[in-house]
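Single-structure report; data block below.
Just so you know, all these numbers are worked out from the coordinates, no wet-lab data involved. What you see is a predicted model, and the numbers here were worked out from it, not measured in a lab.
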Amino acid sequence: MGLPMRIAPGVRVSHAQYGAGTISAHDDQYTVIEFDDHGSKRFVTRMVTLESTSVPAPNKAPKKKAVRKKKEAAS
């Protein structure tokens, strides 16, 4: 168990169950990974088993901002 590689935010990794992802946060207790196909998952740092990967991150479309409706002025 443990992490046989360097872990830091931005590093691409692979997990046996969830596949490829990018580490988004890491500390002594938890490691958060944003997986390409499964969203964000939080793992106990000392128990997670990861491998480094050369699979590039997918190109995600930028999020669209919500359009707010303007309030009509009372006459």
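Between Ala16, Ala57, Ala25, the Gaussian network model of the chain with springs among Cα atoms under 10 angstrom shows the greatest mean-square fluctuation at Ala16. Each Cα pair of segment 12-52 feeds into the Kirkwood radius, which the Stokes-Einstein equation turns, at 25 °C and 0.890 mPa s, into a diffusion coefficient of 248 µm²/s. Only one of (i) 14.2; (ii) 13.6; (iii) 11.8 was calculated from the structure for Kirkwood radius over Cα pairs in Å, and its label is (i).
Only Cα pairs under 8 Å and 6+ residues apart enter the sum, and on that basis the relative contact order of segment 12-52 stands at 37 percent.
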